[in-house]
Amino acid sequence: MGLGGLSVITGADLRQSVVVAFSLLMLGVLVVGLIWTLLRRAQVVATRDLPDTGSVGEELSYSVNVTNVGKRTLREIHFREQGDDSRPTEWEFFNLKEPGEEDRNIFDRALAYYRWKWLNEQGGKWKSLGRSEALNLGGGESEEVRLKLIPQRRGVLVLDDLRVELPDPFGLFQRCRPTGNEAGEILVIPRRYKLPPLDIGGQSELKIGGETASTVKGEGGEFMGLREYRPGDSPRHMHWKAWARTGQPIVKEFEEVRFPRYGLVLDTNLRGSGPEVFEEAVSVAASFVSSMDRERCLLDLMFVRDEPKVFTAGRGVAKADRLMEILARTKGNDEGGYDLLKSLVLRYATEMTACVVVLTGWDEEREEFVGSLRKSGMKLHLYVIGAGEMPEEEGLLGAHWIRWDAVQEDLMKSV
């Protein structure tokens, strides 16, 4: 800007040129605005009121209470949450390739600049939806502003860098200053897809996305009689009149009702698939968890993370929200772990009515794993997340092939 103004001054007749006068005026405005911005100060503290959870791809709104702890009035200021670091991890850079990278010349492939650029464009864990509305804040005053963002990855989202934007009077420059704020966290659960009505078997015929055929309500089972209290009996079954009459604790006994138990097996192996396929596999698993009838069945979530893990939710055990939290925090690994996973699933095979298996690709190791489960005789529903069309292999007979870039479309076809 300085060199531009100097060139106008030295190359034109100042006494006759209207353009020169206008240029000098604009240059003066720019200089005044820049100096004004550099001199602006703000002492602001902020407290976020964050929701406990959010979901990938869904807009999330929260409020921030801001206080001007300085003496000067701050006029026409804005607040903005600084975006997340979009740089890829080392694993992502070396294992993911830009679409069409094989068609680039040798220099571009060796330098990998376009791969780096493509990975950065994927964004960080979240994306800001702009700044707050303009606000005038007097010394010692507090106001509440609202901010919005979109989570782009599951897991724990940390917000710790709220900035106040201080514009100059002409609106040409603005200074971005940090505020005093404590870090806040939001648990971002995986993206969930709509599932078609699907009968996965069982005594009560659980239908994903529909209703169960069982009509048992309340405690379940019919009343059979009275008996003496045993350690572990629920206080809700206590028969108080009989206790008062006999002097001994008496409980009501009900006919035992068994609810179906289902397994949900998640393949956490990144080898031969990558994080994008794994994320879609997690989303498919989360879709089954969110669609389960929480009062009429039990669901065992199984996967390998350093060692075999199993988490159970459903009637009388734990809420399905617990499984969502586990899926939100689950990470992939570079080791197969299929022998460990096979042993875990087969250990529960006799107790499970049916089992849903979500794989992150298809190879010999995964084929052997699925074959072992089929030999056990359990009812198996196989979902394989992959790229392109389904390979013509015998092990995939009866499987649901889900393209990682068309998950919703293929899920609706998997009836």
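If you go through region 68-87 and pick out every residue that is closer than 30 Å to W116 by Cβ and surrounded by fewer than 19 Cβ atoms within 10 Å (Cβ to Cβ), you end up with 6.
So that you can scan it fast, the table gives a plain yes or no per residue for (1) modelled with pLDDT of 65 or more; (2) in contact with a Pro (Cβ under 9 Å, 6 or more places away or on another chain); (3) surrounded by 13 or more Cβ atoms within 10 Å (Cβ to Cβ):
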{"position": "M1", "(1), (2), (3)": "yes, no, no"}
{"position": "G4", "(1), (2), (3)": "no, no, no"}
{"position": "A12", "(1), (2), (3)": "no, no, yes"}
{"position": "Q16", "(1), (2), (3)": "no, no, no"}
{"position": "F22", "(1), (2), (3)": "yes, no, no"}
{"position": "L30", "(1), (2), (3)": "yes, no, yes"}
{"position": "L34", "(1), (2), (3)": "yes, no, yes"}
{"position": "L38", "(1), (2), (3)": "yes, no, no"}
{"position": "Q43", "(1), (2), (3)": "yes, no, yes"}
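Of the residues making up region 339-380, those that are at pLDDT below 90 and among the hydroxyl-bearing types (S, T, Y) are Y348, T350, T353, S376.
Determine whether region 394-413 contains at least one residue that is within 16 Å of Y262 (Cβ to Cβ) and touching a residue at least 40 places away in the same chain (Cβ under 8 Å). Looking for residues that are within 16 Å of Y262 (Cβ to Cβ) and touching a residue at least 40 places away in the same chain (Cβ under 8 Å), one finds none in region 394-413, hence no. Region 205-312 holds strands (runs of 3 or more DSSP E) entirely within its bounds, and those carrying 2 or more residues that are at pLDDT 90 or above map to 261-266, 298-305.
Scanning region 71-104 for residues that are of a type outside the set (S, T, N, Q), under 14 Å from G274 (Cα atoms) and in a helix (DSSP H, G or I) yields E90, W91, E92, F93, F94. When you check N65 against the structure, is it in contact with a Ser or Thr (Cβ under 6 Å, 6 or more places away or on another chain), surrounded by 11 or more Cβ atoms within 10 Å (Cβ to Cβ) and of a type outside the set (A, V, I, L, M), yes or no? So N65 passes the test.
In this entry, R104 passes the filter for residues that are surrounded by 15 or more Cβ atoms within 10 Å (Cβ to Cβ) and not aromatic (F, W, Y). The set of residues in region 157-193 that are within 14 Å of V64 (Cα to Cα), part of a strand (DSSP E or B), of a type in the set (A, V, I, L, M, F, W, C) and under 24 Å from the mean Cα position of the chain (by Cα) comprises L159, L162.
The values are calculated or read from the model by the stated rules, or taken from the named source; none is laboratory data. Just so it is clear, the structure is predicted and the values come from calculations on it, not from any experiment. Using ideal geometry, Cβ is built from the backbone for each residue, glycine included, and neighbour counts are taken over all protein chains shown.
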